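FYI, it's all coordinate maths here, none of it is from the lab. Quick caveat, the model's predicted, so the values are computed rather than measured. Neighbour counts run over all protein chains shown; Cβ positions are idealised from the backbone, glycine included.
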Amino acid sequence: MNANRRKQVNPVHLTSLARCLLVAVFLGAAGLFYVYMKNQHFALAEEIRQVERKIAGVKAQNETLLARVTELSSRRVLQQRIAEGFIAMRPIQDNVIARLSAPAAAQADGVMRTAFVERARP
Amino acid sequence: MRWTARTRTGFACGAVALIFTVYSARLVHLQVAKHDEYARLAAEKHTMRQVIHARRGLIFDRNGELLASNLPVRTVVADGSHIKDPDALARLAAPLLDMTEAEFREKISCGRKYIVLRREVPEDTAVALGQALQKASLRGIYFEQDAVRIYPNGQMLGHVLGFLDSESSGIQGVELTMEKYLRGRDGFRFIERDRTGREIMLYRGQEEPADHGLNVRLTIDMGLQAILEEELDVAFHDLKPEMAVAILANPKTGEILAMANRPCFDPNRPGDAKPEQMKNRAIIDMVEPGSTFKIVVASGALNEGTVKEKTGIFCENGSFAYGGKILRDHHGYGTMTVHDILVKSSNIGSAKMALMMGDTKFYEYVRRFGFGERSGIELPGEIPGLVHPPHRWDNLTITRMPMGHALAVTPLQITMGMSVIANGGKLMTPQIVRSIEDSDGRVVYDKPPKVSREVIPQKTARFVSNALSGVVGQGGTAQLARVAGFTVAGKTGTAQKVSPTGGYAPGKYVVSFVGYLPEEDPQFVCLVMVDDAKIAGGLNYGGLVAAPIFSRIGERAARHLDLVPALRAEAAPPLAFDTTRRTPEEP
């Protein structure tokens with residue numbers, strides 16, 4: 001190679017090359033990150049959908065069980081159980097009812113007149 | 001112009017620029033001017049409005065006992081365009097949907113995008129079917145959320161609660177009158193689906209949550225309702241009447257504590273019931289009230305000063321000729337006071353009081369007691385009854401109406417009429433709805449008791465009440481209405497049944513007893529009415545048929561309400577016929 005040809009060789013501008021590569025890498029990474037994020041979005045959305053379905057299912061199951069409990073504890077069913085002898089209940093006889101006298105009413109100051117309160121009164 | 005290279009280049013550039021300008025203008029037109037229109041069209045292609053169903057409000061009794069609730073179910077639908085293997089799908093799904101494979105295949109054979117396979121499928125069946133489909137990797141069957149209304153107490157209180165139609169709208173009872181509170185408002189959300197029909201969550205759009213229905217709390221006490229229903233059942237079984245009605249109300253507030261009719265129906269299966277079973281006869285049946293109506297003429301005559309407490313009225317020894325007809329009493333009575341006329345239930349004494357008052361004044365009191373007008377209770381189909389004004393009366397009406405003939409009233413009107421006496425002369429508006437609450441139990445609307453009008457002064461009401469306690473006492477017509485430990489006041493009624501073909505049906509009677517206790521401080525008013533009891537003719541009286549039922553209801557209701565007995569218990573008088581009472585098992 002002669003001297004003239006050597007003079008014509010274009011130098012490699014490392015700085016520019018590095019800058020270009022950096023921009024390309026950045027753009028590539030940004031693109032990949034965007035795709036990754038979008039994928040994450042979809043995955044999370046799908047997860048939310050599944051959880052929502054599960055919640056709806058559990059709620060429905062809960063309401064079904066509540067309805068069953070309501071039915072089993074309804075007056076109609078309880079009376080039927082009593083009639084069938086599953087629950088033993090007897091009417092309370094009048095002679096075994098003890099009625100206590102009505103409690104002393106609170107007076108104007110709103111304090112209930114009890115032995116304890118009266119004792120503590122100055 | 002010379003067609004040089006420069007000119008040609010300029011021309012070509014201009015043409016290209018023009019083409020791009022036109023395209024750009026069109027682009028701007030589409031993107032800016034037509035943006036909304038095309039965005040809407042695109043959205044219509046992908047998005048759909050998903051309804052979020054509002055939950056119907058619950059119904060409770062006054063103590064929070066659940067009377068109507070919702071059971072989640074699913075509607076199973078098929079999308080014909082998604083079904084690839086109909087035979088496999090039929091083999092898997094048909095048994096779970098309670099269908100034959102042939103039925104299933106026939107349903108899906110049309111290939112439509114929306115085929116309802118079965119409604120009201122239980123939640124657990126739907127879950128099992130969904131899992132089986134997923135496991136077998138079959139597509140084409142989908143589930144829609146739905147709910148059915150359930151009434152845990154079955155027939156009990158069926159007439160008051162009512163039921164829903166197939167669109168989940170109330171069509172009878174409280175379900176109908178409280179529809180706007182119970183129903184709620186459906187919400188919505190805009191969603192997008194992928195080609196398999198699954199929602200793409202990322203593109204979920206505008207959302208408005210459902211506004212769930214409000215809960216309704218009734219004035220009904222299910223403890224008292226159960227007592228009423230049980231006693232009516234026994235009476236209906238033993239006496240085999242055409243119908244029986246019982247109402248229990250609080251005279252001071254107008255609250256209906258219990259209301260029962262026989263025959264009745266199960267609101268869980270309204271389709272199985274005949275129309276006669278569905279009638280709430282307490283408010284939509286008209287009957288002649290009979291002697292229970294005598295309280296109106298007695299109150300009116302006393303209040304107007306037509307008669308005094310001690311005024312003696314000659315009862316013609318049991319036979320009174322008026323208007324060309326003879327009016328009779330069961331026994332021949334001489335001169336009696338108002339008190340005795342009520343105790344002995346004298347038709348002639350009542351007729352004479354009305355004659356002394358005059359038709360206009362008497363009619364005024366009939367209306368003041370609430371007869372001939374709707375009471376305003378929150379139940380559908382209430383009728384006003386039939387009370388003709390004096391200008392349409394014939395010669396006999398003035399003597400027949402005081403004893404509860406020549407007019408028609410509802411059982412509820414009789415109950416509220418007696419409540420006037422029990423409540424010191426004030427007529428309350430009957431109410432069956434106590435409050436409306438949100439799902440957290442916060443009261444949204446509290447309905448206070450409402451006084452319709454003061455019919456008579458307290459003094460007159462006290463006098464009539466005292467006379468009515470004599471009806472249940474020694475020598476009265478309703479000794480069998482006694483309740484051990486309490487002073488009962490009330491009035492019997494025995495009216496011949498009006499025939500649908502005109503006149504009266506021979507040998508058929510509507511008998512009733514309406515009373516309250518304790519007389520000194522009434523806690524409840526109770527009406528028992530029995531239409532055409534199958535019992536010996538000589539025994540078909542209010543005092544013999546309806547009064548014992550009242551007595552049993554009164555005794556159990558007093559125990560339920562924990563009323564303290566004020567009297568020493570007396571031995572019950574002997575019964576005129578074999579009582580329908582079932583004796584409780586001795587310990």
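In Å and whole numbers, how far do the C-alpha atoms of the range B:222-560 stretch along each principal axis, longest first?
Between the extreme Cα coordinates on each principal axis of the range B:222-560 lie 63, 44, 40 Å.
Less than 18 Å from a label point 7 Å out along the Cα-to-Cβ axis of B:GLN474: which backbone N atoms in the range B:330-364 qualify, by residue?
Flagged as within label range: B:340, B:343-344.
Gap in Å between the Cα centre of the range B:289-364 and the Cα centre of the range B:181-219?
Their Cα centres are 66 Å away from one another.
What is the distance in Å between the Cα centres of the range B:46-106 and the range B:251-267?
Each part reduced to its Cα centre gives a spacing of 35 Å.
Tell me, what is the percent relative contact order of chain B, built from C-alpha pairs under 8 Å that lie six or more residues apart?
Over chain B, the number comes to 13 percent.
Which value in Å does the Kirkwood hydrodynamic radius of the range B:50-218 take, with 1/r averaged over all unlike C-alpha pairs and then inverted?
Computed over Cα pairs of the range B:50-218, the Kirkwood hydrodynamic radius comes out at 18.1 Å.
In the range B:1-67, if every C-alpha pair distance is counted and binned at 5 Å from zero, what percent goes to each bin?
Computed distribution, short to long bins: 3, 12, 8, 8, 8, 7, 7, 6, 6, 6, 6, 4, 3, 3, 3, 2, 2, 2, 2, 1, 1.
Which loop-located trypsin sites (Lys or Arg not before Pro) does the range B:490-565 contain, where loop means any DSSP state but H, G, I, E or B and the Cβ has at most 10 other Cβ atoms within 10 Å?
Here the sparse-neighbourhood loop sites are B:LYS534.
Once you mark the chymotrypsin sites (Phe, Trp or Tyr not before Pro) that are in a DSSP loop and have at most 11 other Cβ atoms within 10 Å, what is the longest gap between them in chain B?
Between exposed loop sites, the widest span is B:115-587.
Once every DSSP H run of n ≥ 4 in the protein assembly as shown is given -39500 (n - 2.57) and the sum is divided by its residues, what mean residue ellipticity at 222 nm do you get, rounded to the nearest 500 deg cm²/dmol?
Computed mean residue ellipticity for the protein assembly as shown: -12000 deg cm²/dmol.
Amide H neighbours of B:ILE59 under 5 Å, counting only residues 5+ apart in sequence or on other chains, H built in-plane at 1.01 Å?
B:LEU67, B:ALA68, B:VAL216
Could you give the alpha-carbon Rg of chain B over 2.2 N^0.38 Å, rounded to two decimals?
1.41
Pairs to check: B:LYS491/B:LYS534; B:LYS310/B:LYS344; B:LYS240/B:LYS279. Give those whose C-alpha atoms are more than 20 Å from each other in this structure.
B:LYS491/B:LYS534, as the Cα separations exceed 20 Å there.
What number in nm² do you get for the range B:75-142 if you take the convex hull of its Cα atoms and divide its surface by four?
3.8 nm²
Can you pull out the trypsin sites (Lys or Arg not before Pro) in the range B:84-136 whose DSSP state is coil and whose Cβ has at most 15 other Cβ atoms within 10 Å?
When the trypsin sites (Lys or Arg not before Pro) of the range B:84-136 are filtered for loop state and at most 15 Cβ neighbours within 10 Å, B:LYS84, B:ARG112, B:LYS113 remain.
Relative to the longest principal Cα axis of chain B, at what angle does helix B:359-368 sit, 0 to 90 degrees, rounded to 10?
Once rounded, one gets 50 degrees.
How long are the semi-axes of the equivalent ellipsoid of the protein assembly as shown, taking √(5λ) for every eigenvalue λ of the Cα gyration tensor, in whole Å from largest down?
Listed largest to smallest, the semi-axes of the protein assembly as shown are 78, 30, 28 Å.
What lysines sit close enough to B:LYS34 to cross-link, taking a C-alpha to C-alpha distance under 26 Å and skipping anything fewer than 8 places away on the same chain?
Cross-link targets: B:LYS45.
What do you get for the angle between helix B:35-46 and the principal long axis of chain B? Use alpha-carbon atoms, 0 to 90 degrees, nearest ten.
70 degrees
For the range A:12-85 and the range B:456-506, compute the distance between their C-alpha centroids and round to whole Å.
First find each Cα centre; the distance between them is then 69 Å.
Angle, helix B:86-96 long axis vs. longest principal axis of chain B, Cα atoms, 0 to 90°, nearest 10?
20 degrees
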